[in-house]
Amino acid sequence: MWRSCLAFLTLWLVLAFAGAARAAGPCHTNADVWGEEALANAASAYGLEWAPFGATEFGWMAYAPLIQQELHTQCGPGTPVFASQLAGFQQTHGLAPTGLFDAGTFQVLRGLWQERRPFVMARIRGECPDPPPINQLGYLVASEEHADRLTRLLRRDVLDAYRRMVAAARAEVPEIAADPELLQIFSGFRDPEADAARCAQQGNCDGLRRAVCSPHRTGTAVDLYVGQAPGRGVDSTAPASREYMARGATYRWLVANAGRFGFVPYVYEPWHWEYVRPWDPSFAP
Ligand SMILES: [Zn+2]
């Protein structure tokens, strides 16, 4: 039953996007060359059955904002321009330039995103970065803390960069300015010893990541409220939850702009961002 529903849904989406692919506009300028690939991507964006992080997911809309950013296009997954940009990316990275999204292409993208996280590179070298000296940490003010899970501290330079980023987001996106909850921090610096104690006490070790070596120990990682799907937590990794977050204006703004303030994303968690470089005043809006 579920299968046939899914097949019907996919068919409906293909037909819906068939119309979209024929549409005019700057994202459809090369439809004569990339129209078929656009249709195939439109279908797989919602229907592809795959397991990029171990568990089965359907579609890849949760990753579309980051992929579009990497391909330097604002055109959506079901457009000919997206397909042609994807083919260019595949060509550059030694993949067959099909213009079709697939798991192999995603692995290359994911590798690029992970390489931009010094914390991940340190873990690959077998290192676990030390927490910063306590005098490098600064306190959040109450309006910066999300009520769902209070956090207190961030490394001071990261807190400065965070404040500049939030000010820019509110200035640039009315929807973010209108809702003070958006971009509040629900986790910042986490003391490794307290983390380990909590993990043991609650029997919740977050897949052991929290206990073993969390990026939050560095004081440079922040979990930002980017909205939450009805009935889901602020950090629910359920595919439907992450897809919901990825559709929101807040996450999309972060994907396009957080780099200006020194923050890089973690593809699997739309709320988790890591600060990777000192703030450069030339990036100031
Ligand atoms: Zn986090």
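Table for the structure above
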{"read-out": "Residues satisfying the stated conditions in region 29-61, i.e. at pLDDT below 95, part of a helix (DSSP H, G or I) and not acidic (Asp, Glu)", "value": "Ala31"}
{"read-out": "Residue list for region 87-107, restricted to those being buried (at least 16 other Cβ atoms within 10 Å of the Cβ) and within 19 Å of Pro265 (Cβ to Cβ)", "value": "Phe89, Phe101, Thr105, Phe106"}
{"read-out": "Pairs where the first residue, in region 168-193, is in contact (Cβ under 8 Å) with a residue 60 or more places away in the chain and the second is in a loop (DSSP other than H, G, I, E, B) and exposed (fewer than 14 other Cβ atoms within 10 Å of the Cβ), C-beta under 7 Å, 6+ apart", "value": "Ala168/Pro285; Ala171/Pro285"}
{"read-out": "Failed item in (1) within 16 Å of the ligand (Cβ to nearest atom); (2) among the β-branched types (Val, Ile, Thr); (3) more than 24 Å from Asn135 (Cα to Cα); (4) touching a residue at least 60 places away in the same chain (Cβ under 8 Å), with Thr218 passing the rest", "value": "(3)"}
{"read-out": "Which numbered condition Pro133 misses (of (1) under 30 Å from Gly231 (Cα atoms); (2) at pLDDT below 95; (3) loosely packed, with under 15 Cβ neighbours inside 10 Å)", "value": "(1)"}
{"read-out": "Odd one out for Val212 among (1) at pLDDT 90 or above; (2) over 20 Å from Pro133 (Cβ atoms)", "value": "(1)"}
{"read-out": "Matching residues in region 259-270 - criterion: being part of a helix (DSSP H, G or I) and surrounded by fewer than 22 Cβ atoms within 10 Å (Cβ to Cβ)", "value": "Gly259, Arg260"}
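The values are calculated or read from the model by the stated rules, or taken from the named source; none is laboratory data. Source: prediction; values computed, not measured. Please note: Cβ atoms are built from the backbone with ideal geometry, for glycine as well, and neighbour counts cover all protein chains shown.
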